[in-house]
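My structure is below; once you've seen it, I'll send some questions.
The values are calculated or read from the model by the stated rules, or taken from the named source; none is laboratory data. Worth saying up front: this structure is predicted, and the values here are computed from it rather than measured. Quick reminder, even Gly has a Cβ in these numbers, built from the backbone with ideal geometry, and neighbours come from all protein chains shown. Accessible surface areas use protein heavy atoms only, side chains included; no ligands, DNA or RNA. Shrake-Rupley method; radii C 1.70, N 1.55, O 1.52, S 1.80 Å.
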Amino acid sequence: MKIQTFVVGKLRTNCYIVYDETCGDACVIDPGGDYEKLAAFIDQNQLKVKNIFLTHGHFDHILVAAQLKEKTGARIVIHKDDEKMLETADDNFYLSIAKEPFRRCKADVTLSGGERTMVSTEEAFFLHTPGHTPGSMCIVIDNVIFTGDTLFKNDIGRTDLEGGSDLDMKYSLRQLYDLEDDYILYPGHNNATTLFAEKQNNPYLRAAGIR
């Protein structure tokens, strides 16, 4: 499994393409902008994108999901509590940044948390981690967790936006803290880190682990 990181859009969101070099099977996580860049990489590597996984529904994580679906035929996968953000710019904060038409789309698969699916030969597990949004998810693939805007290096996602919740965030961080193994964390913004490093250095995650 290889992971290619793209920093996309006005808010410099991390978009990830996870793929198998041998067979070309791939998924895209959080395509928040720069469609041409993503499409070029897919074409150059002859990738077969089966799924577009969205960690949550804010515009900077979903902005070119509709275009990628049109290009690849991939399924759009999101938690059911954020599904409506795909269909209207009123709910995903797009109108606070840009005024041009928003490309609406519909989810092909909505999740509740706990589901599993295959990404080529690897299993993806979806962990419901509300707090930043009601439908925020972390996606676990092998020894990697794509944390979206739930957990960053030495920080966490905002909980003061509509749909955010301090209490839900604390519960979600506790879920991550209670994972016993170490994982490489690929967040929605800024640099990658590891779960063990965040347990030691991230004040929010450390606080969530105090019994």
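Being without any contact (Cβ under 8 Å) to a residue 60 or more places away in the chain, open to solvent by less than 10 Å² (accessible area, probe 1.4 Å) and over 16 Å from CYS27 (Cα atoms) is the filter here, so list the residues in the stretch 145-161 that pass it. Working first, answer last.
Of the residues in the stretch 145-161, the ones without any contact (Cβ under 8 Å) to a residue 60 or more places away in the chain are 145, 151-160.
From what is left, the residues that are open to solvent by less than 10 Å² (accessible area, probe 1.4 Å) are 145, 151, 157.
Selection gives LEU151, GLY157.
Taking the stretch 127-144 only, how many residues are over 19 Å from ASP60 (Cα atoms), crowded, with 16+ Cβ neighbours inside 10 Å and without any contact (Cβ under 8 Å) to a residue 60 or more places away in the chain?
Counting residues in the stretch 127-144 that are over 19 Å from ASP60 (Cα atoms), crowded, with 16+ Cβ neighbours inside 10 Å and without any contact (Cβ under 8 Å) to a residue 60 or more places away in the chain gives 3.
Also: Residue check: is LEU11 at pLDDT below 95 and touching a strand residue (DSSP E or B) at 6+ places or on another chain (Cβ under 7 Å)?
no
Take the residues in the stretch 162-180 that are modelled with pLDDT under 95 and surrounded by fewer than 16 Cβ atoms within 10 Å (Cβ to Cβ), then tell me which one is nearest to LEU54 (Cα to Cα).
By that ranking, first place goes to GLU162.
Filter the strands (runs of 3 or more DSSP E) completely within the stretch 99-211 down to those with at least 1 residues that are of a type in the set (Val, Ile, Thr).
Strands (runs of 3 or more DSSP E) meeting the threshold: 109-111, 116-119, 137-141, 144-148, 184-187.
Pairs, please: C-beta under 6 Å, at least 6 apart or cross-chain, first residue in contact (Cβ under 8 Å) with a residue 12 or more places away in the chain and in the stretch 74-87, second in a helix (DSSP H, G or I)?
Sorted first by the residue in the stretch 74-87, then by its partner, the pairs are ILE76/ALA65; ILE76/LYS69.
Still on this structure: If I ask for residues that are surrounded by 21 or more Cβ atoms within 10 Å (Cβ to Cβ) and either of a type in the set (Ser, Thr, Tyr) or under 14 Å from LEU111 (Cβ atoms) (or both), which ones from the stretch 55-78 would you list?
THR55, HIS56, GLY57, ILE76, VAL77, ILE78
Same structure, new question: Of all residues being open to solvent by less than 50 Å² (accessible area, probe 1.4 Å), in contact with a helix residue (DSSP H, G or I) (Cβ under 7 Å, 6 or more places away or on another chain) and not hydroxyl-bearing (Ser, Thr, Tyr) in the stretch 181-194, which is nearest to MET137 (Cα to Cα)? Just the residue, please.
Residue satisfying both the conditions and the ranking: GLY188.
Determine whether the stretch 24-34 contains at least one residue that is out of contact with any strand residue (DSSP E or B) (no Cβ under 6 Å at 6 or more places or on another chain) and crowded, with 16+ Cβ neighbours inside 10 Å.
No, that holds for no residue.
Being under 20 Å from LYS106 (Cβ atoms) and either open to solvent by 10 Å² or more (accessible area, probe 1.4 Å) or among the small types (Gly, Ala, Ser) (or both) is the requirement here; does ASP81 meet it?
Spelling it out, ASP81 is indeed under 20 Å from LYS106 (Cβ atoms) and either open to solvent by 10 Å² or more (accessible area, probe 1.4 Å) or among the small types (Gly, Ala, Ser) (or both).
Each row is one residue, and each column tells you yes or no for (1) modelled with pLDDT of 95 or more; (2) under 30 Å from CYS23 (Cβ atoms); (3) among the polar types (S, T, N, Q).
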{"position": "MET85", "(1), (2), (3)": "no, no, no"}
{"position": "ASN92", "(1), (2), (3)": "no, no, yes"}
{"position": "ARG103", "(1), (2), (3)": "no, yes, no"}
{"position": "LYS106", "(1), (2), (3)": "no, yes, no"}
{"position": "GLU115", "(1), (2), (3)": "yes, yes, no"}
{"position": "PHE146", "(1), (2), (3)": "yes, yes, no"}
{"position": "ASN154", "(1), (2), (3)": "yes, no, yes"}
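If you don't mind, another one. Yes or no: the stretch 67-74 includes at least one residue that is closer than 28 Å to GLU180 by Cα and at pLDDT 95 or above. Even if it seems obvious, please write down each step before you answer.
From the stretch 67-74, those closer than 28 Å to GLU180 by Cα are none; that's our starting set.
Within the stretch 67-74, none of the residues are closer than 28 Å to GLU180 by Cα and at pLDDT 95 or above.
What number of residues within the stretch 1-21 are touching a residue at least 40 places away in the same chain (Cβ under 8 Å), open to solvent by 60 Å² or more (accessible area, probe 1.4 Å) and more than 16 Å from ASN191 (Cα to Cα)?
The qualifying residues number 2.
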